[in-house]
Ligand code: 13P
């Protein structure tokens, strides 16, 4: 069983001072679990100072975004090449970027490829909107987002991709509807099935699939207990270090329970 991945996506919250204060408290409150990988995705600006404040054996950093080219005349952008060595992960294709910044399937594919090229593990976000769900298009949307995003990768490279299933309607920014874990199970199974169709069952078993969408300390266990759910991508609740620590501890209890099964 691979390590569970619990990621805090701070989105556009916390300046350098707030981020540093958070990590100060978080470092003290965090219980280390060997089988849980903990990742913080702060703003780009705070990555460097936080890298000096965290213990990398216990906490890893992720970028929330980066550009697909390695360098060049792209005013305002930061490349994966520049982030290499500073972060272990990068969130790619978050629905807020797809929606607010019009990121296309092809751009997201190029970002996934660039992350891998620069030795950064992508956390690829995929998920359907409410109208798409109502129209029964969840599988088609997931299929298109997933297949395009990994289309330049070999099976070996795909193993490094972490897929975060975040139905848009369940994200706090977009309505935050509570998702029924049994419904989420079906999509997690479908995601793995798709990877297996493309790259074979053994590769599919190594790809981590996470859930994200209004995960908090109260309901995290319901998602983490799902078969094949390897972690969580947490937005709003991760801004409260006590809640985030509680989610990490829940992930550990669920692992122990799964092991006993
Ligand atoms: P919330 O947990 O605030 O719904 O955000 C989820 C998310 O978008 C994480 O990437």
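Once R0 is set to 25 Å, what does the formula 1/(1 + (r/R0)^6) return for the Cβ-Cβ distance between residue 173 and residue 29, expressed as a FRET efficiency to the nearest 0.05?
Once rounded, the FRET efficiency stands at 0.45.
Would you work out the relative contact order for segment 1-156, in percent, from Cα pairs under 8 angstrom that are 6 or more residues apart? Each step should come with its number before you reach the end.
Working: 225 pairs, mean separation 27.4, N = 156.
So the answer I get is 18 percent.
Please report the spacing between the Cα centers of segment 11-34 and segment 183-257 in Å, no decimals.
If we compute the Cα centre of each part, the gap is 21 Å.
Mind running the shape call on segment 57-185? Use the C-alpha gyration tensor, a ≥ b ≥ c as the square roots of the eigenvalues: rounded below 1.5 for a/c, prolate if a/b tops b/c, oblate otherwise.
Values: a/c = 1.73, a/b = 1.67, b/c = 1.04.
In terms of gyration-tensor shape, prolate.
Over every pair of different alpha-carbon atoms in segment 126-207, take the mean of 1/r and invert it; report that Kirkwood radius in Å. Walk me through the numbers on the way to the answer.
Working: mean 1/r = 0.0752 Å⁻¹.
For segment 126-207, inverting the mean 1/r across all distinct Cα pairs yields 13.3 Å.
Could you list 211, 190, 22, 199 in order of exposure, starting from the residue whose Cβ has the fewest other Cβ atoms within 10 Å?
Numbers: 211 28, 190 16, 22 24, 199 20.
So the ranking, lowest neighbour count to highest, is 190, 199, 22, 211.
Of 163, 99, how do they rank once you tally other Cβ atoms within 10 Å and put the fewest first?
Least crowded to most crowded, the residues run 99, 163.
Pick out which of 78, 87, 158 has the largest mean-square fluctuation in a Gaussian network model of the chain, springs linking Cα atoms closer than 10 Å.
Maximum among the listed residues: 78.
Can you compute the equivalent ellipsoid semi-axes for segment 65-107, i.e. the square root of 5 times each eigenvalue of the Cα gyration tensor, sorted largest first and rounded to whole Å?
19, 14, 8
Can you give me the convex hull volume of the Cα atoms of segment 1-70, divided per residue and expressed in Å³?
107
Going by how many other beta carbons lie within 10 Å of each one, how would you line up 12, 82, fewest first?
Sorted ascending by nearby Cβ count, the order is 12, 82.
Take the alpha-carbon positions of segment 1-127, form their convex hull, and give its projected area averaged over all directions (one quarter of the hull surface) in nm².
Its average projected convex-hull area is 8.4 nm².
With the calculation restricted to Cα positions, what are the radius of gyration and Dmax of the chain in angstrom?
Considering the chain through its Cα atoms, Rg and Dmax are 17.1, 54 Å.
Could you work out [θ]222 nm for the chain from helices alone, using -39500 (n - 2.57) per DSSP H run of at least four and dividing by all its residues? Round to the nearest 500 deg cm²/dmol. Intermediate values should be presented prior to the final figure.
Numbers: 12 runs with 118 residues, N = 261.
Taking each H run of at least 4 residues, the total per residue is -13000 deg cm²/dmol.
Over the Cα atoms of segment 171-258, what Rg and Dmax result, in angstrom?
Final numbers for Rg and Dmax: 13.6, 40 Å.
No lab work stands behind these numbers, since they all come straight from the coordinates. Treat the numbers as computed from the prediction; the structure is a model and nothing was measured. Here Cβ is always computed from backbone atoms with ideal geometry, including for glycine, and neighbour counts include all displayed protein chains.
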